[in-house]
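Below: one structure, written as structure tokens.
The values are calculated or read from the model by the stated rules, or taken from the named source; none is laboratory data. This one's a predicted model, so the numbers in the text were calculated from it and none came from an experiment. Virtual Cβ from ideal backbone geometry, glycine too; neighbours counted across all protein chains shown. The protein model used for the area step is the full one, side chains on, heavy atoms only, and it has no ligands, DNA or RNA in it. Shrake-Rupley method; radii C 1.70, N 1.55, O 1.52, S 1.80 Å.
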Amino acid sequence: MTSIDRIRLPTPFGVGDVNCYLLPTAELTVIDPGPETADAREALRSGLNERGYSVEDVANVLITHPHMDHFGGARRLADEADARVIAHGDAVERLVAPTGQFEDEQAFFHGFLRSMGMPEDTVETLLTLPESYTDFQSPVTPDRTVADGERLDLGVVLDCVHTPGHAVGSVCYRLRSENAVFTGDHVLPDITPNPTLTTLPGRSDERTRSLPTYLASLEKLRTVDETVGYGGHGDRLRSLQKRIDETIAHHHERKEHIAGMIPDSEPGTTAYRLMNELFPELPATEGFVGISEIVGHLDLLDDEGRLDWHETDGVRKCVLAG
Ligand SMILES: [Zn+2]
Ligand SMILES: [Zn+2]
């Protein structure tokens, strides 16, 4: 018998609190221990204490995906509790060297963003690592990696579903006995997650096709039997499938909206220009998310054969296919 419990942990990010779930069986398992901040650490400690546990009782630390609001504090917690850290194999390089990963990406994305029509100074601004990044995450080496379809028996049985898109190495954990799925940031109640561009696992010279990958992962999760979702932020999803449908519909609508902004004759337009038209007020700090969104939709339109591209002086422009 399991009962799902949640400790809300504060984060220094715009998204607000992150959910840390507890599976209190013989071995105490936590899913996503939050960022590496004193506030999150204290909230986790006091949350455990209020429930009659101490940090040392934690035996397993599961990570849904390698974003610092979810995993940043994993190493400290695992060290203090002598717990095992478990994550998807594709997440490992980002967990082991989170800032190194960012540096590797910079070189690739510098050229890529320029080819999307972004001016040099804007690219430089976007690709400067915010100082604070290093404060909120500690590198952690998983003790065990999981793969799609793998079953974990931790005193409670969880089935892993690999759901790349929002992040490389994203995994959802199905808890069949409770009709529940822990979705990380793959499906959320109040926000549609950003399938932000990154490089492919094990590669620093090729980007992910984040949005098409994300939508495929949504279709895949849609077929699970469980109907209740527990996301990384916000409250419980009463109908996981309904929320997946809403998320897919949102992206479909946006794709058509963007298609309507693309000229059907030369000289066409760039992803950067589309970003500025769609998000005129976008702050520089959100530029990477903004361009990721546009490129993601252009990838979808490409897959449907609806775009023609041409390149002048290293800058790519698209028009609607005739
Ligand atoms: Zn995330
Ligand atoms: Zn998150």
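Observations
- Max mean-square fluctuation residue, GNM over the chain, Cα-Cα springs under 10 Å, options 269, 25, 37: 25
- Calculated mean residue ellipticity, 222 nm, the chain: -10500 deg cm²/dmol, from DSSP H runs (n ≥ 4) at -39500 (n - 2.57) each, averaged per residue and rounded to 500.
- Classification of the range 15-74 by its C-alpha gyration tensor yields an oblate form. The axis ratio a/c (a ≥ b ≥ c) is 1.5 or more, and b/c is at least a/b.
- Compared with the direct C-alpha span, the chain from residue 253 to residue 200 gains 16.4 nm at full extension, assuming 0.36 nm per residue.
- Stokes-Einstein diffusion of the range 111-232 at 10 °C, 1.306 mPa s viscosity, Kirkwood radius from Cα pairs, rounded to a whole number: 95 µm²/s.
- Cleavage-rule hits, GluC sites (Glu not before Pro), the range 249-322, DSSP coil, Cβ neighbours within 10 Å at most 16: 281, 304
- Here the accessible area is traced with a 1.4 Å probe on the protein chains. For the chain, carbon and sulfur cover 47 percent of it.
- Karplus (6.51, -1.76, 1.60) ³J(HN,Hα), θ = phi - 60°, over the range 169-186, in Hz, Gly and Pro reported as x: x, 6, 9, 9, 10, 8, 10, 4, 5, 10, 6, 10, 10, 8, 9, x, 9, 5
- Stokes-Einstein D (µm²/s) once Rh is taken as the Kirkwood radius of the range 172-322 over alpha-carbon pairs, at 37 °C in 0.692 mPa s: 194
- Based on alpha carbons, the Rg and Dmax found for the range 131-199 are 14.2, 43 Å.
- Working note: Karplus 6.51/-1.76/1.60 with θ = phi - 60° gives the range 42-55 the couplings 5, 5, 5, 4, 6, x, 5, 4, 4, 9, x, 10, 10, 4 Hz, where Gly and Pro are set to x.
- Full-stretch length increase - residue 122, residue 5 - with 0.36 nm per residue and alpha-carbon distance subtracted: 37.8 nm
- Peptides 88-97, 257-266 ranked from most to least packed, by the mean per-residue count of other Cβ atoms within 10 Å: 88-97, 257-266.
- Each DSSP beta bridge with both residues in the range 10-143 is either parallel or antiparallel, and the antiparallel ones are about 35%.
- At a probe radius of 1.4 angstrom, the accessible area of the chain per residue rounds to 43 square angstrom.
- Model label zone, residue 225; criterion: amide N under 18 Å from point 7 Å along Cα-to-beta-carbon; scope the range 2-46: 2
- For the range 25-161, the spread of Cα positions along each principal axis, largest first, Å: 56, 35, 18
- Centroid-to-centroid separation of the range 280-301 and the range 106-170 [C-alpha atoms, Å]: 17
- Considering only the chain, percent of DSSP beta bridges that pair antiparallel, nearest 5: 65
- Result for the chain in a Gaussian network model with C-alpha springs under 10 Å: among 221, 23, 154, the largest mean-square fluctuation is at 154.
- Förster radius 51 Å - calculated FRET efficiency between residue 176 and residue 310 (Cβ-Cβ, nearest 0.05): 0.50
- Largest-first principal axis extents of the Cα set of the range 244-320 (Å): 39, 31, 17
- For residue 18, the residues 5 or more places off, or on other chains, whose built amide H falls under 5 Å of its own are 9, 11.
- Quarter of the Cα convex hull surface for the range 101-167, i.e. its orientation-mean projected area (nm²): 6.9
- Rounded if a/c under 1.5, otherwise prolate or oblate - the chain, Cα gyration tensor axes: prolate
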